[in-house]
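In what follows, a single structure is set out as C-alpha cells and then discussed.
Nothing in this text is a laboratory measurement; each read-out follows from the coordinates by a stated rule. Nothing here was measured: the structure is a model prediction, and the numbers come from that model. Methodologically, a virtual Cβ is constructed for each residue, glycine included, from the backbone with ideal geometry; neighbour enumeration extends over all protein chains shown.
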Amino acid sequence: MMMTKKMNRGETMAKEKNMKEENVTEEKEVNEEVVDETTENQEESTQNDDDKESLEQQLSKLEEEVNTWKTDYYKVFADMENLKRRLEKEHQNSLKFMMQSFIEELLPVVDNFERSLNVQNPSEEVQTFLKGYQMIFDQLMAILKKNGVEVIEAQGKEFDPNLHQAVMTAHDENFDHNVVVEELQKGYKLKDRVIRASLVKVNE
C-alpha cells in the first residue's frame, strides 16, 4: 500500500511537471504569435505609408497634367476667339468697302453731271433738260448716300489734310488763316474712309 501511494505521488508530480512544461510552451507560442503579429502590423504600417506616399505622388502628377491641359486649352481658346474676331472684322470691312472701286469709277460721271447742271444763262429749252438732269442727279446721289457715300464738306471749313488736298493758296481778308476759300473738286467718303479728297484753295 505504501508503494501504491508513492507511485500515485510520483505520477502526480510527473503530471504537474508536464503541465508546467505545456504552460511554458503555450506561453512561448503566444509570445511568438504576439511578436509575429507586431512585426506584421509594423510591416503593414510601413507598406501603408509607402502606398500613401505613392498615391500622393500620383495625385500631384495628375494635378500637374490637368493644369497643363487647362493652360493649353485656354491658350487655344484665346487664339480661336482672336481669329474669330479678326475674321468677323475682315468680313465686315469686306462688306463695308466692297463697292469702293465701283464708286471711285462712278465719281467722274457724278462730276460731269454737276458740271452740266452749272451751265450759265441756259436757254428755256436747256432749262427743261436741266430739270430732268437734276432729277436724275438727285436720284443718283440718294442711291450713293444709301450705300454710305458722303460728300466731304470743304467750303468755309478749316483745312484738314486728312480730308482736303490743297492745290492753290489765296490771300483773302474775308477768311481766316488755313480756311478753305474755294472748293475746286468735291471729295467723297465711303462710310468712314476717304475715297477721294477734296481739291481746295486754302487761305494763307
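Potential lengthening of the chain between HIS177 and THR71 amounts to 32.2 nm, from the contour at 0.36 nm per residue minus the alpha-carbon distance. Taking label points 7 Å from Cα along the Cα-to-Cβ direction, ASP111 and ALA142 give a separation of 2.7 nm. Take 151-164, 185-198, 62-75 and order them by the average number of nearby Cβ atoms within 10 Å per residue, most first; the result is 185-198, 151-164, 62-75.
Counting only DSSP beta bridges with both residues in the stretch 99-203, what percent are antiparallel, rounded to the nearest 5? About 65 percent, rounded to the nearest 5. You can think of it this way: the chain between SER123 and LYS52 has 14.8 nm of extra reach, that is 0.36 nm per residue less the Cα-Cα gap.
Which entries of LYS157/LYS191; LYS84/LYS145; LYS131/LYS186; LYS89/LYS145; LYS131/LYS189 show an alpha-carbon separation above 29 angstrom in the structure shown? Flagged as over cut-off: LYS84/LYS145.
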